[in-house]
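Here is the structure we will look at, set down as structure tokens.
The values are calculated or read from the model by the stated rules, or taken from the named source; none is laboratory data. What you see is a predicted model; the values in this text were computed from it and never measured. Neighbour counts are summed over all protein chains in view; Cβ atoms, including those assigned to glycine, are modelled from backbone coordinates with ideal geometry. Surface accessibility is based on the protein's heavy atoms, side chains included, excluding ligands, DNA and RNA. Shrake-Rupley method; radii C 1.70, N 1.55, O 1.52, S 1.80 Å.
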Amino acid sequence: MSDLRKINIDGTEFEMPGEYTVMQACEEAGAEIPRFCYHERLSIAGNCRMCLVEWVGAPKPQASCALQVKDMRPNRDGTPANIRTDSETVKKAREGVMEFLLINHPLDCPICDQGGECDLQDQAMAYGRDSSRFEENKRAVDDKFMGPLVNTVMTRCIQCTRCVRFITEVAGVQEIGLASRGEDAEITTYLEQSLTSELSGNVIDLCPVGALTSKPYAFNARPWELDSVESVDVMDAIGANIRIDSRTGRVLRILPVINEDINEEWISDKTRFVWDGLSRQRLDQPYIRKNGKLVPAGWDEALALVAEKLSGDPEKIAAIAGDLCDAESMKALKDLMDGLGVKSLDCRQDGAKIDASNREGYLFNTTIAGLEDADAILLVGTNPRLEAPLVNTRIRKTWVAGGLNIGMIGEAVDLTYDYDHIGTSPEDIAAFTKSTKGFARKFKSAKNPIIIIGSGAMARKDGAKILRACGELAQKFGIGQSGWNILHGAASRVAGLDMGFVPGENGRDLDGIIDGAASGEIETVYLLGADEIATPKLEKAFVIYQGSHGDNGAHVADVILPGAAYTEKDGLYTNMEGRVQMGFAAVSPKGEGKPDWAIIRALSGHMNRELPYDNLEQLREKLLADNPVFEGIDYIAETAADTMFEPAKLGESGKVLKAAFQSPIEDFYMTNPIARASKVMAECSEVVSDTKLREAAE
């Protein structure tokens, strides 16, 4: 129970928690408090002074962001402290602060990308004076180089230090700081080098003026010209909530939407800046390979050829779903393949050895927000900083708050927080299970220990055995379902497993499909946006590729069916927690492209095996009827009371390999077809490569 204190705000008495700041108390009471430096998720700086309020009886106005309710003594007569947010003193103080902030601020509003979304503009109108008393020349500050993502015009900077605090506290890298003092103070990167954090783009949202803006978006549009749609990110399995801004049918910007349970208000740089890849290297019409070359074709011709190839022996047909697929398209393809009798299906594009029959065994059961309650975390074969940056920020947030011990079995990397490096190979899992010293002792005594297993650990040949070893470890240390977590990297993975897009009886998994295609036992392979596989081994088979970009899968395809990117279709996506979310189309598919489920429905008509739905609503009804787990939107379905979760029975018994764990992500910015088509992501990748080479040389 919070320590409640009485406080008088604008003539009305309230009871507020003592740990509230005066700013929070005032806003809880309905008063509006302007601010520039204060941010709910960052430490308090108290350096803009815009949030001044009058504490009746105090000698001067007070910065409400830096003063807590519990620190306010009652008046001499015993009445609660009296705060005024709308008095003449407050009005005059705020006008004075705004006047000082505008002394050196340039008149860039007509050419500033922040125009229309600028806190300084808004608050100058609401709280500023209508004239200026300063005639001196404004100071000028050199612009700083911060890499290919963040554009700087530092003369506009008001030294709120939000960017400094974010990069240091949330992103966990020391790359931006405030140099010099007084009039010479300026925000700069310490070594005049590019920002390397995979979260650096968030400083653009945090900047209350136009000092830090988006370099790829520069001069593309004004905010009032944009059409906005809220949707779901598919760059990883976190399911960050995003807003897609477009104009004239072209995506121009992607911004975060606040969701406390998933991404708070941050997104990764790949999520934010991948949008230019949506319009490059697109598949905008069907193609058929004739005489070794892909040539344009009509929809009827392409679908007729695909129908012919899928009419053969079902044991010689296979289908693989990629990482960016929505649930509806996978359901349509599964229904078609089930109708044909095809058993060789797989949504585990990386070959992960996951049992689809045990839902709790492949979910991130702790939940992303639940990481803040952990007091001990064991990471196995994962690099969350690259595989799931927003999971990494949650872990760091808990670590910074104190009381969290972290252990790692895997590749030693910089995760932006301290951890005990226990080992590098699967053999170290068994050794840790038997250990009673060091981190093992802390892990055993923890009240809320959790284990996080990376998808890369399960994608190895001994993945199922690693899963069993982790299950035995979990049982030894008393980790139940709520502490068992699989860190997926693919947005489509959990939905695919939920609907059973896995091999049927006597069917082949991913490795079996690829080997079968190489040997000639599999004659036809249907790739639904599957590009992260060994495509050269498919050359002997007839390959049908359905997707949005001309990437690896399209290069080996005999027929190409142009689909829609995630910004061009409505769809359901299940994140790694098991949370079903709904994405929405922001623009139309390119050229002759169609939503993926509609292509498969049309194909079923060509095969005289019409699927039992004619629109998206009917398809979703079939999806929910067959898989009730998709019923709830934006919440995690509770496990049935009679479900027995026994981690020690996961996977299969046997001896693990000696080979060390390796991260499945070699290049954070090049993990899918959209990212590989993006010029911005290519620049980021080059910056990271140059940084690694420079560090190696040093």
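Tell me, which residue of the range 200-259 that is open to solvent by 10 Å² or more (accessible area, probe 1.4 Å), in a loop (DSSP other than H, G, I, E, B) and among the β-branched types (Val, Ile, Thr) is nearest to Ala327 (Cα to Cα)? The selected residue is Val257. Among the residues of the range 551-579, how many are open to solvent by less than 20 Å² (accessible area, probe 1.4 Å) and either in a loop (DSSP other than H, G, I, E, B) or not β-branched (Val, Ile, Thr) (or both)? Residues that pass the stated criteria total 20. Considering the conditions (1) in a helix (DSSP H, G or I); (2) at pLDDT 95 or above; (3) closer than 14 Å to Leu363 by Cβ, Ser482 is excluded by exactly one of them, (2). Number of residues in the range 406-450 that are among the small types (Gly, Ala, Ser) and surrounded by 14 or more Cβ atoms within 10 Å (Cβ to Cβ) equals 8.
In the range 10-27, the residues that are among the aromatic types (Phe, Trp, Tyr) reach residues that are assigned to a strand (DSSP E or B) with C-beta atoms within less than 8 angstrom, at least six apart or across chains, in these pairs: Phe14/Lys6; Phe14/Ile7; Phe14/Asn8; Tyr20/Gln68. Among strands (runs of 3 or more DSSP E) entirely within the range 109-195, having at least 2 residues that are surrounded by fewer than 20 Cβ atoms within 10 Å (Cβ to Cβ) and of a type in the set (Lys, Arg) singles out no element at all.
Looking only at residues in the range 177-198 that are closer than 13 Å to Gly147 by Cα and among the aliphatic types (A, V, I, L, M), which one is modelled with the lowest pLDDT? Ranking the qualifying residues of the range 177-198, first place goes to Leu191. Conditions first: (1) open to solvent by less than 80 Å² (accessible area, probe 1.4 Å); (2) in contact (Cβ under 8 Å) with a residue 60 or more places away in the chain. Ala58 passes all but one, so which condition is the exception? All conditions pass for Ala58, except number (2). Counting only helices (runs of 4 or more DSSP H) that sit completely within the range 389-472, those holding 2 or more residues that are of a type in the set (Lys, Arg) and touching a residue at least 60 places away in the same chain (Cβ under 8 Å) correspond to 389-401. Checking each residue of the range 394-405 against the condition of being open to solvent by 60 Å² or more (accessible area, probe 1.4 Å) and on the phi > 0 side of the Ramachandran plot gives at least one match.
So which residues in the range 177-203 are of a type outside the set (D, E, K, R), in contact with a strand residue (DSSP E or B) (Cβ under 9 Å, 6 or more places away or on another chain) and more than 30 Å from Val391 (Cα to Cα)? Of everything in the range 177-203, those that are of a type outside the set (D, E, K, R), in contact with a strand residue (DSSP E or B) (Cβ under 9 Å, 6 or more places away or on another chain) and more than 30 Å from Val391 (Cα to Cα) turn out to be Ala179, Ser180, Ala185. Residues in the range 624-660 that are open to solvent by 40 Å² or more (accessible area, probe 1.4 Å), modelled with pLDDT of 90 or more and under 27 Å from Ile466 (Cα atoms): Lys655, Leu657, Lys658, Ala659, Ala660.
Does Gly471 count as surrounded by 21 or more Cβ atoms within 10 Å (Cβ to Cβ) and either more than 26 Å from the chain's Cα centre (by Cα) or of a type outside the set (A, V, I, L, M, F, W, C) (or both)? Break it down into steps so the answer makes sense when it comes.
Working: surrounded by 21 or more Cβ atoms within 10 Å (Cβ to Cβ): yes; either more than 26 Å from the chain's Cα centre (by Cα) or of a type outside the set (A, V, I, L, M, F, W, C) (or both): yes.
In short, yes.
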